[in-house]
1. Six or more apart or on different chains, Cβ under 8 Å: which pairs go from a residue in the stretch 182-196 that's in contact (Cβ under 8 Å) with a residue 40 or more places away in the chain and within 11 Å of MET216 (Cβ to Cβ) to one that's of a type in the set (D, E, K, R) and part of a helix (DSSP H, G or I)? Could you list them?
2. With the requirement that a residue be open to solvent by 40 Å² or more (accessible area, probe 1.4 Å) and either in contact with a strand residue (DSSP E or B) (Cβ under 7 Å, 6 or more places away or on another chain) or within 18 Å of ALA91 (Cα to Cα) (or both), what does the stretch 18-30 give you?
3. Checking the condition farther than 16 Å from VAL8 by Cα and surrounded by 14 or more Cβ atoms within 10 Å (Cβ to Cβ), which residue from ALA120, ALA109, ALA125 passes?
4. State the number of residues belonging to the stretch 230-249 that are among the aliphatic types (A, V, I, L, M), more than 13 Å from VAL178 (Cβ to Cβ) and in contact (Cβ under 8 Å) with a residue 40 or more places away in the chain.
5. Can you name every residue in the stretch 213-229 that is touching a helix residue (DSSP H, G or I) at 6+ places or on another chain (Cβ under 9 Å), in a helix (DSSP H, G or I) and farther than 16 Å from SER180 by Cβ?
6. Would you point out the residue of the stretch 140-171, among those that are in a helix (DSSP H, G or I) and of a type in the set (D, E, K, R), that is modelled with the highest pLDDT?
7. Quick check on my filter: what residues within the stretch 17-38 are modelled with pLDDT of 90 or more and either among the charged types (D, E, K, R) or under 24 Å from the mean Cα position of the chain (by Cα) (or both)?
8. Considering only residues that are basic (Lys, Arg) and in contact (Cβ under 8 Å) with a residue 12 or more places away in the chain, which ones fall in the stretch 1-51?
Amino acid sequence: MARIRVLVVDDHRIFAESLAAALAAEPDVEVAAAGSGPAALRALERAAAESRRFDVMLVDADLGASAAQPPRAVQVPEQGEGEGGLVDGIALVAGVRTGQLAVRSVVLAERDDPSRAALALQAGAAGWVAKDCSLQRLLAVIRGVLRDETHLPPALLTGVLRELTAARKHRTESERLVQSLTPREREVLRCMVAGLGRKAVAERLFLSPHTVRTHMQNVLGKLGVHSTLAAVALARRAGVGPADLARDVVERGGQLA
């Protein structure tokens with residue numbers, strides 16, 4: 001009998017242990033647990049190295065939240081961000097996708113929230129399930145996502161579709177603004193996404209700091225924003241990645257201006 005390997009990720013020990021015990025009672029399910037995002041990533045990486053990959057990760061949407069600091073919507077981490085960006089369960093899902101760890105993620109939530117469910121799907125989750133659902137429902141979702149199905153509560157479908165449509169429209173507008181930049185301005189923007197300041201950008205692109213300042217001002221103006229942080233956020237929505245800081249730039253100032 002093929003066994004389904006499940007990783008439960010929840011920092012509420014009693015809930016995690018109870019859920020793991022219930023799932024482990026199934027003859028075809030093998031369960032492990034982790035109490036934090038970094039611990040989950042280590043467990044996934046160790047299992048992959050030992051050729052014993054997990055099939056499904058069940059993760060608390062509010063992982064790490066406390067009563068004094070309620071959960072908040074998170075920015076899905078971009079490629080290359082480390083464990084410090086793992087704010088909650090949704091960010092953990094994105095971290096797993098970034099690490100290319102072959103596991104289906106299902107988010108367990110205490111309440112229905114269309115905006116966070118949409119974020120979870122964008123992060124790479126295959127399902128959003130209520131924490132108080134029946135064991136049979138959860139098992140159906142686990143087996144369903146292994147067949148490449150996506151599972152959402154029916155009551156959330158309309159709200160999630162609305163959120164995803166709005167996000168797609170926002171991304172399209174961001175892409176249009178980025179396309180209005182010159183090749184050199186796009187290279188400067190990628191350096192800004194990488195976190196480089198004006199002097200570092202000048203050294204990397206073999207330009208004077210004054211020229212870089214002009215390019216940065218042009219970038220902000222064309223993108224319709226007033227700060228570097230806003231420009232970086234818009235660039236990320238448009239899919240603009242950071243400059244490759246490990247690679248030497250061979251272009252000279254006049255070639256891409």
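The values are calculated or read from the model by the stated rules, or taken from the named source; none is laboratory data. In this text the structure is predicted, and so the values were computed from the model without any measurement. No Cβ is skipped: glycine too gets one built from the backbone with ideal geometry, and neighbour counts run over all protein chains shown. To get the accessible areas, we keep the full protein, side chains included, count just its heavy atoms, and leave off ligands, DNA and RNA. Shrake-Rupley method; radii C 1.70, N 1.55, O 1.52, S 1.80 Å.
1. Taking only residues 6 or more apart or on different chains, the pairs are CYS191/ARG204; LEU196/ARG204.
2. Matches in the stretch 18-30: ALA24, GLU30.
3. Of ALA120, ALA109, ALA125, the one residue that is farther than 16 Å from VAL8 by Cα and surrounded by 14 or more Cβ atoms within 10 Å (Cβ to Cβ) is ALA120.
4. 3
5. ARG213, THR228
6. Here the answer is ARG143.
7. Residues satisfying the conditions are GLU26, ASP28, GLU30, ALA32, ALA33, ALA34.
8. Selection gives ARG3, ARG5, ARG13.
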